Amino acid sequence: MENVRRVISVVVENESSVLSRISGLFAGRGYNIETLTVAPIPNTNHSHITIATKGNLRLIEQIIKQLHKLVPVYKVIEHSEMVEKEMVLVKFPIEASLADIEALCSAYNGGIVNVGLDMFIGMVADEPSRVKHFVEAVARHKPIEIVRGGVVAIER
Amino acid sequence: MKMNGAQMVCEALIAEGVKTVFGYPGGAIMNVYDEIYKQDGFEHILNRHEQASVHAADGYARANGEVGVAMVTSGPGFTNAVTGLATAYMDSIPMVVISGQVPLSLIGTDGFQEIDAVGISRPCTKHNFLIRELSDLPRIMKEAFHIARSGRPGPVLVDIPKDITAEFGEFVYPDSVDIPSYSPTIKGNQRQIDKAIEAIIKAKKPLLYIGGGAVLSNASELVRQLAELTQIPAVETLMARGVMGAKNPLLLGMLGMHGNYSSNMAMSETDLVISLGARFDDRVTGKLSEFAKYADVIHIDIDPANIGKLVEVDYPIVGDVTEVIEKMIAGLKGKVNPERYLDWREVLERYNNLHPQSYIDSDKVIKPQWAIERIGELVGEQAIITSDVGQHQMWAAQHYPFDRPRQWINSGGLGTMGFGFPAALGAKKAFPDKTVINITGDGSILMNVQELVTAAEYKIPVINVILNNHFLGMVRQWQTFFYEERYSSTDLSFQPNYKALAEACHGIGYDVTTKEEFDAALKDAIEKDKVAFINVQVARFENVFPMVPANGALFNMMLPPKTEDNSKGEK
């Protein structure tokens with residue numbers, strides 16, 4: 001079976017060990033985690049965990065079922081119709097072309113967010129595949145550091 | 001009522017109807033043991049090793065279906081319990097294990113006897129808790145028992161820091177649980193069940209594939225009714241022995257790596273697998289691509305994650321086996337023609353006549369299979385049989401005439417050597433009037449041999465029949481077949497005097513080399529009503545047959561020899 005990429009959204013009870021239950025499930029059963037983000041859901045005692053993973057369809061089905069089995073898991077959403085966004089921060093030396101980079105950033109839904117004495121930082125928030133393109137496009141400006149944020153997703 | 005956390009633990013256990021707790025005290029759990037001393041709501045059995053405590057609680061749960069309870073201290077007390085948790089987890093046994101933990105203020109400081117119990121036990125428990133506030137304790141105890149016994153059962157760990165057991169607070173034990181994120185599917189979708197019924201009616205060569213879930217769900221009577229009504233032949237997994245009853249003409253036997261010929265052939269040729277609480281374990285399926293190759297699959301399981309995990313399923317039904325079979329029987333009544341499967345049953349009967357489950361008996365030496373059959377003849381239905389892991393386990397599963405579920409207690413999923421003796425103690429506590437026999441080997445018995453002392457002290461008279469071939473037999477068998485007879489670390493010729501060992505621990509011991517001595521020893525052990533070791537010298541090089549080599553196709557079985565192979569000589 002062919003490998004597919006899937007974004008799985010998990011709503012969990014916000015308790016101290018819940019992330020280790022989820023990451024441990026993936027590690028213990030040999031499932032792949034591409035990115036993982038966690039944040040509390042406002043005004044609830046729940047958290048939202050977004051996991052991007054890869055595997056054949058049977059494996060993806062297993063992952064979803066195994067996630068469901070965990071006691072603090074309320075909901076597992078796996079949807080092909082997800083709006084996905086990922087953020088990336090890129091640090092450049094001050095000598096780099098600010099104008100070029102700013103134009104690039106705005107083309108990818110971002111901009112320059114910080115300028116210091118010897119560096120400046122660009123930020124982009126876009127679909128994961130576009131973020132990947134952006135990272136490739138800025139490579140020629142010799143970035144000092146790149147930090148990607150992991151995928152967050154919401155059902156359409 | 002105001003009380004300390006330790007007393008709350010005891011009150012919760014009493015409220016849950018717990019009669020027996022198996023455990024071992026230590027620093028972090030001492031407050032609870034102080035309260036155990038003061039109460040008389042339940043009995044505490046002091047095993048001589050924490051692993052044995054957990055296996056004993058497990059054996060108790062397997063024997064009577066209630067939640068087994070064990071109690072251990074922090075650090076090494078807990079880590080010793082891990083094998084017991086994993087054993088229960090793999091076989092879905094309802095159990096609550098309570099462990100002490102260092103005080104909250106010391107957690108994370110590498111304190112004395114501190115270990116991250118919830119971290120370690122996460123992959124081998126159904127769920128676990130670390131109690132951080134005394135006010136959570138009653139709720140968590142209630143939830144632990146609920147989670148352990150509901151849905152697909154399993155072990156639950158409750159880790160309690162020492163300062164919480166000392167703190168005082170108000171105790172109100174909740175009547176019900178409220179875990180919105182946890183609601184197992186029990187009922188089974190009627191539309192799916194109807195489709196499955198249609199498939200059964202249309203099938204030509206259907207087969208009931210019965211797993212441990214049928215035992216856990218107490219579905220034995222219904223499974224027998226389903227078979228009786230439809231006249232569909234049945235195979236049992238290792239965990240399901242006893243569900244159909246040995247005398248049932250529709251039972252072909254056990255399937256899998258050491259399944260009998262007709263069972264494995266039935267699975268290879270069936271056109272409709274009806275899986276009742278089985279999970280298509282690799283020891284059952286052999287090579288997956290050849291497993292039930294010509295069949296559609298109806299898979300009934302309370303755990304949706306089991307369905308479609310290994311085998312493509314045509315009729316998935318998530319639900320409790322009992323509930324689903326009830327509906328199936330109702331739907332099949334009057335609609336199914338039992339004559340329809342007559343040809344199929346005849347083919348299978350012919351397979352069984354061709355290669356029955358057999359061995360070649362001997363006058364010179366006791367064959368392990370004979371010993372097991374003999375126990376069956378002498379105590380049969382009224383005994384509970386536990387076992388350790390290895391050749392003796394497979395022979396017991398093949399040759400003992402199990403008549404009812406929960407009569408056969410063994411570690412199937414994890415395959416834990418050292419399980420049988422403490423599990424026998426648990427089973428005997430659950431059913432003091434039944435004869436409880438642990439069929440074991442000279443390798444396994446030493447892995448929890450200290451339980452002789454527990455059994456003697458508490459007068460729990462279980463009988464250990466040691467089928468002694470002076471080998472780690474199953475590994476030796478693989479070395480014979482697949483490693484050109486290089487017996488690397490499997491020769492156990494150097495061994496203790498088992499009779500003297502039993503006697504040194506206030507039990508009773510027997511050395512047996514002949515069939516007459518075997519009968520006499522077993523009868524005497526039952527009469528003496530004392531913990532016993534019956535050390536039986538058996539044929540050294542006997543192999544378990546049939547055998548499907550690992551990852552081979554089920555129909556490619558190595559069959560038992562028709563005549564005795566004497567090239568190995570009886571040493």
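The values are calculated or read from the model by the stated rules, or taken from the named source; none is laboratory data. Note that the coordinates shown come from a computational prediction; the quantities given were computed from them, not determined experimentally. FYI the Cβ positions are ideal-geometry reconstructions off the backbone, even for glycines, and counts take in every protein chain you see.
Within segment B:528-543, the set of residues being in contact with a helix residue (DSSP H, G or I) (Cβ under 7 Å, 6 or more places away or on another chain) and part of a strand (DSSP E or B) comprises B:A532, B:F533, B:I534, B:N535, B:V536, B:V538.
Going through (1) away from chain A (no Cβ under 14 Å); (2) surrounded by fewer than 24 Cβ atoms within 10 Å (Cβ to Cβ); (3) farther than 18 Å from B:G412 by Cβ one by one, B:T83 falls short only on (3). Taken as a whole, segment B:183-205 holds no residue that is within 13 Å of another protein chain (Cβ to nearest Cβ), under 29 Å from the mean Cα position of the chain (by Cα) and surrounded by 19 or more Cβ atoms within 10 Å (Cβ to Cβ).
For segment B:105-134, the set of residues classified as part of a helix (DSSP H, G or I) and either more than 14 Å from chain A (Cβ to nearest Cβ) or in contact (Cβ under 8 Å) with a residue 60 or more places away in the chain (or both) consists of B:S105, B:L106, B:L134, listed by residue number.
Might you check whether a residue that is facing chain A (nearest Cβ under 10 Å), at pLDDT 95 or above and buried (at least 19 other Cβ atoms within 10 Å of the Cβ) occurs anywhere in segment B:135-143? Checked segment B:135-143: at least one residue is facing chain A (nearest Cβ under 10 Å), at pLDDT 95 or above and buried (at least 19 other Cβ atoms within 10 Å of the Cβ). In segment A:49-64, which residues are within 14 Å of another protein chain (Cβ to nearest Cβ) and surrounded by 17 or more Cβ atoms within 10 Å (Cβ to Cβ)? Across segment A:49-64, the qualifying residues are A:I49, A:G55, A:L59, A:I60, A:E61, A:Q62, A:I63, A:I64. Which of the residues belonging to segment A:102-118 are part of a strand (DSSP E or B) and closer than 12 Å to A:M87 by Cβ? A:G110, A:V113 - these are the residues of segment A:102-118 that are part of a strand (DSSP E or B) and closer than 12 Å to A:M87 by Cβ. Go through segment B:16-51 and give me each residue that's within 19 Å of B:S411 (Cα to Cα) and part of a helix (DSSP H, G or I). Listed by number, the residues that qualify are B:E50, B:Q51. Are any of the residues in segment B:52-69 modelled with pLDDT of 95 or more, farther than 25 Å from B:V389 by Cβ and either touching a strand residue (DSSP E or B) at 6+ places or on another chain (Cβ under 6 Å) or part of a helix (DSSP H, G or I) (or both)? Scanning segment B:52-69 turns up no residue that is modelled with pLDDT of 95 or more, farther than 25 Å from B:V389 by Cβ and either touching a strand residue (DSSP E or B) at 6+ places or on another chain (Cβ under 6 Å) or part of a helix (DSSP H, G or I) (or both). For the criterion of being surrounded by 17 or more Cβ atoms within 10 Å (Cβ to Cβ), touching a strand residue (DSSP E or B) at 6+ places or on another chain (Cβ under 7 Å) and modelled with pLDDT of 95 or more, B:R149 fails. Here is the figure for segment A:35-45: residues that are away from chain B (no Cβ under 11 Å) and either buried (at least 16 other Cβ atoms within 10 Å of the Cβ) or more than 27 Å from A:V88 (Cβ to Cβ) (or both) total 6. Condition first: in contact (Cβ under 8 Å) with a residue 60 or more places away in the chain and within 11 Å of another protein chain (Cβ to nearest Cβ). Can you find one or more residues in segment A:13-34 that meet it? There is at least one residue in segment A:13-34 that is in contact (Cβ under 8 Å) with a residue 60 or more places away in the chain and within 11 Å of another protein chain (Cβ to nearest Cβ).
Have a look at B:V321, B:V336 and point out the one that is buried (at least 16 other Cβ atoms within 10 Å of the Cβ), at pLDDT 95 or above, touching a Leu at 6+ places or on another chain (Cβ under 9 Å) and β-branched (V, I, T).
The match here is B:V321.
I'd like to know if segment A:73-94 contains one or more residues that are at pLDDT 95 or above, facing chain B (nearest Cβ under 10 Å) and touching a helix residue (DSSP H, G or I) at 6+ places or on another chain (Cβ under 8 Å). Within segment A:73-94, one or more residues are at pLDDT 95 or above, facing chain B (nearest Cβ under 10 Å) and touching a helix residue (DSSP H, G or I) at 6+ places or on another chain (Cβ under 8 Å). Within segment B:507-549, restricting attention to residues that are acidic (D, E) and over 24 Å from B:S358 (Cβ atoms), the residue that is surrounded by the fewest Cβ atoms within 10 Å (Cβ to Cβ) is B:E527.
Yes or no, residue by residue, for (1) acidic (D, E); (2) within 15 Å of B:A148 (Cβ to Cβ); (3) out of contact with any Leu (no Cβ under 9 Å at 6 or more places or on another chain):
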{"site": "B:E66", "(1), (2), (3)": "yes, yes, yes"}
{"site": "B:V82", "(1), (2), (3)": "no, no, yes"}
{"site": "B:V102", "(1), (2), (3)": "no, no, yes"}
{"site": "B:S105", "(1), (2), (3)": "no, no, yes"}
{"site": "B:G111", "(1), (2), (3)": "no, no, yes"}
{"site": "B:E114", "(1), (2), (3)": "yes, no, no"}
{"site": "B:A117", "(1), (2), (3)": "no, no, no"}
{"site": "B:R122", "(1), (2), (3)": "no, no, no"}
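B:E503: under 21 Å from B:L378 (Cβ atoms), part of a helix (DSSP H, G or I) and either out of contact with any strand residue (DSSP E or B) (no Cβ under 9 Å at 6 or more places or on another chain) or not hydrophobic (A, V, I, L, M, F, W, C) (or both), yes or no? Criteria not met by B:E503.
Could you pull out the residue among B:A456, B:A520, B:A525 that is assigned to a helix (DSSP H, G or I) and touching a His at 6+ places or on another chain (Cβ under 6 Å)?
Every option except B:A456 fails the conditions.
Please specify each residue of segment B:93-112 satisfying the condition of being buried (at least 24 other Cβ atoms within 10 Å of the Cβ) and in contact with a Pro (Cβ under 9 Å, 6 or more places away or on another chain). The answer is B:I93, B:P94, B:M95, B:V96, B:V97, B:G100, B:Q101. Within segment B:264-295, the set of residues being more than 22 Å from B:L222 (Cβ to Cβ) and of a type in the set (D, E, K, R) comprises B:E269, B:D271, B:D281, B:D282, B:R283, B:K287, B:E290, B:K293.
Tally time: how many residues in segment B:474-500 are in contact with an Asp or Glu (Cβ under 7 Å, 6 or more places away or on another chain) and assigned to a loop (DSSP other than H, G, I, E, B)?
2
Evaluate the following for A:V38: is it among the β-branched types (V, I, T) and in contact with a Lys or Arg (Cβ under 9 Å, 6 or more places away or on another chain)? Judged against the criteria, A:V38 is not a match. I'd like to know if segment B:387-398 contains one or more residues that are part of a strand (DSSP E or B), under 17 Å from B:L467 (Cβ atoms) and within 19 Å of the chain's Cα centre (by Cα). For segment B:387-398, residues part of a strand (DSSP E or B), under 17 Å from B:L467 (Cβ atoms) and within 19 Å of the chain's Cα centre (by Cα): present. Considering segment B:328-385, and only residues there that are in contact with a helix residue (DSSP H, G or I) (Cβ under 7 Å, 6 or more places away or on another chain) and among the acidic types (D, E), the residue that is farthest from B:L255 (Cα to Cα) turns out to be B:D361. Taking B:V311 as the residue in question, decide whether it is part of a helix (DSSP H, G or I) and in contact (Cβ under 8 Å) with a residue 12 or more places away in the chain. No. Note on segment B:459-473: among residues that are within 18 Å of B:T435 (Cα to Cα) and assigned to a loop (DSSP other than H, G, I, E, B), the one that is farthest from the chain's Cα centre (by Cα) is B:K459.
The one condition from (1) farther than 30 Å from A:K132 by Cβ; (2) touching a strand residue (DSSP E or B) at 6+ places or on another chain (Cβ under 8 Å); (3) of a type outside the set (F, W, Y) that A:N43 does not meet is (2). If I ask for residues that are buried (at least 24 other Cβ atoms within 10 Å of the Cβ) and farther than 22 Å from B:G413 by Cα, which ones from segment B:231-251 would you list? Listed by number, the residues that qualify are B:I232, B:P233.
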